[in-house]
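Read the structure below first, then the notes.
Every read-out reported here was derived from the displayed coordinates using simple, explicitly stated rules and does not represent laboratory data. Just so we're clear, the structure is a prediction, and the values are computed from it rather than from any experiment. Here the Cβ positions follow ideal geometry from the backbone for every residue, glycine too, while neighbour counts run over all protein chains shown.
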Amino acid sequence: MSEALTKALPLLYKLEELGYETVFVGGCVRDTLLGKKLKDVDIATAATPEQVIAAFPHTVPTGLQHGTVTVVYEGETYEVTTFRTESEYEKFRRPSQVRFVTSLREDLQRRDFTMNSMAMRADGTLVDPFGGQDDLRRGLLRCVGEADDRLREDALRILRAVRFAAAYELRIAPATWRAILRHRHQLAHIAMERVGLECDKMIGGNKPHHAAALLARGGLLSCTKDPLPAELVEAASLYGDSVRLARASDKQQQRQNQQQNQQLAYSISQLHRLPDGDDRWAAACGALGLRAGQAVELFGLLKYSTARSERLAAILGVLEAMAPRFIYFREKHASSAQEWPAEEHRHWILTILRFGQPAAKSWCDITIAVPSLLSVRAEADEQPTAVDTYIDFLRSALQSMAAGTIKDLAVKGKELMKMADLQPGPWLGRLLQRLLETVALGEITNEKGPLMAKAAAILETNEV
Ligand code: ATP
Ligand code: MG
């Protein structure tokens, strides 16, 4: 038994002492058998929520209608959930009301997959009525009981199946896969928030490209309640699908499709190299050829926050502004030791100012991890270092920028107003922006004297 489980044992002892059967359950049991690090330790018990609350000094009623009480113990929190069934499902969604039961087996039976329906007792014995351990050994993801019933009860399980199969590198059992295909249209009953949460876990998890391949193979992306962008659905339907590719009308089209498809597949296969989930999203959107606006639309559909959308749009903005420049760079400069041309430098600096330093930095990281975003040939060995060289140039320019935002300037708006003897107005913002560009481009130093002089010169020519 792992340390995380051992630490929670006193909770099991306490409830058992009071006469309630109590076990570890779900993900922590599965991950213990696989020798993986545990995310959280969930406990299931025959005690009712009131009895759980009475048994411990420090509890929080986090989900009473589902039978869940959070117990705080030795600095950790544990979700303790009363054994329950979810007998009545409404419209392919999990019900809001549940029925408490005293049988552990009944509780395990309502769970989705065999590997998630195992329990472990305080003495370490496994309760595994549906063969979860066996399936794990064989590398199989399988629904508990009849797959059709499980997926009809809750269509979100279709996406959970994809997520778990990808993250744990499991094959989906044939009967479960066939049921997924039969029930995929019921994904239309699932709130987009829940779809969004699953998608986030898929892209942020181990082997996101396996998840992408399964979504594509099952045609699952065209089944959601709100339609996802056509580009995404279409690219997904092409992804790794040689049959459809072969059907392309003429030879040239076929070759082009194939190349695009390979590049997409290659880019998606590199996502795992990025530690941050949102960077993976940006890379995936870039690989799919989504424009910033379309990517924002996608995030909106998946109910992700505006802050996340804005960050994504900024990174894709940098990609859109810089990707065409790479082609120029590779042709003209990669092989020779020529100096970085001034106009390219200028374009990069202005791009940074437009989308912000954090987005520019993220885009550099993303491009190093997924170089095929810039070049179809990045995966071939023709010029393996062209992208690296390019990004090296850009990164060093980014790092040596004297100012990235107006706040970084060594002069304040008030000082400029005083010097110009003018009331605040749009002119001030424009002037500060001009000064920022001048400093960022290295034309003047970021010091009060030169800035005031430059400001005076700009005002003189009435350029703002
Ligand atoms: P992880 O936390 O690593 O994503 P987990 O297995 O702990 O994996 P949770 O979503 O935290 O997943 O759910 C805990 C347990 O609750 C699962 O192991 C499973 O037994 C059960 N469960 C969760 N969601 C569902 C569902 N939609 N249908 C059936 N059972 C579910
Ligand atoms: Mg969990």
Fewest-first sequence of Phe100, Phe164 by Cβ atoms within 10 Å of each Cβ: Phe100, Phe164
Assigned charges on the beta-carbon of Lys, Arg, Asp, Glu; the chain dipole about Cα centre (debye): 800
Charge context of Ala55, other residues only, Cβ under 14 angstrom, K/R +1, D/E -1: -3
13 Å beta-carbon shell around Pro10, net charge (K/R +1, D/E -1): -2
Beta bridge orientation in the chain: antiparallel %, DSSP, nearest 5: 80
Protection-proxy order for peptides 421-431, 107-117, each taking the mean of Cβ atoms within 10 Å per residue, highest first: 107-117, 421-431
Exposure proxy ranking, count of Cβ atoms within 10 Å, fewest first, for Ile458, Ile203: Ile458, Ile203
Local electrostatic count, Thr70, Cβ distance below 13 Å [Lys/Arg +1, Asp/Glu -1]: -4
Kyte-Doolittle mean at least 0.0, axial Cα span of 24 Å or more - DSSP H helices of the chain: 306-332
Region 158-310, relative contact order in percent, only Cα pairs under 8 angstrom and at least six apart counted: 25
Value of relative contact order over region 1-138, rounded to a whole percent, pairs C-alpha under 8 Å and six or more apart: 22
Pairs beyond 18 Å (Cα-Cα), from Lys418/Lys454; Lys414/Lys454; Lys14/Lys36: Lys14/Lys36
Between region 160-220 and region 119-154, the alpha-carbon center distance in angstrom: 18
Packing-based exposure ordering (other Cβ within 10 Å, fewest first) of Tyr20, Tyr328, Tyr390: Tyr328, Tyr20, Tyr390
For the chain, with +1 on Lys and Arg beta carbons and -1 on Asp and Glu, the positive-most of Gly286, Met120, Val23 along the dipole: Gly286
Viscosity 0.692 mPa s, 37 °C: Kirkwood-radius Stokes-Einstein D of the chain over Cα pairs, µm²/s: 126
Flagged links, alpha-carbon separation over 29 Å, of Lys39/Lys303; Lys39/Lys407; Lys201/Lys251; Lys201/Lys407; Lys207/Lys303: Lys39/Lys407; Lys201/Lys251; Lys201/Lys407
